[in-house]
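Contents: one structure, followed by commentary.
The values are calculated or read from the model by the stated rules, or taken from the named source; none is laboratory data. All values derive from a computational prediction rather than experimental measurement. Methodologically, a virtual Cβ is constructed for each residue, glycine included, from the backbone with ideal geometry; neighbour enumeration extends over all protein chains shown. Note: accessible area is taken over every heavy atom of the protein model, side chains too, but ligands, DNA and RNA are not part of it. Shrake-Rupley method; radii C 1.70, N 1.55, O 1.52, S 1.80 Å.
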Amino acid sequence: MFTERSGIIVWVSDLKAAGKHLEKYGNIHFISKRLHYAAMYVYSSRLDETVKQLQKLPFVKKVERSYRNEIKTEYNSNVPDKTRFYSL
């Protein structure tokens, strides 16, 4: 039902050009006016192609991919629950 997407950070030199041209490569989530970057989501199946195309644009300084999908987000704790020792 949902397609896999990956996040990328695109560092730009021209914010106006970024707002106009980056939309066709993926979904723009946020554009920082102060730090000159755009956070966007692209399809994971076309991630490498999209990064290569973005790096060719004249206003793009650097493209970084997000490793959020690869980070473990399920935590388990083998430490016993200490809440009963602190109750009155």
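Which lysines, on any chain, are close to Lys16 with Cα under 26 Å apart, when same-chain ones fewer than 8 places away are left out?
Lys24, Lys33, Lys52, Lys56, Lys61, Lys62
How many nm separate the modelled label positions at Gln53 and Leu35, each set 7 Å beyond the Cα in the direction of the Cβ?
The modelled label-to-label distance comes out at 2.6 nm.
On the protein heavy atoms, probe 1.4 angstrom, tell me the percent of accessible surface of the chain carried by carbon and sulfur.
51 percent
Measuring from a point 7 Å past the Cα of Phe2 along Cα-to-C-beta, which residues in the stretch 40-81 have an amide N at less than 18 Å?
Answer for the stretch 40-81: 40-46, 66-75.
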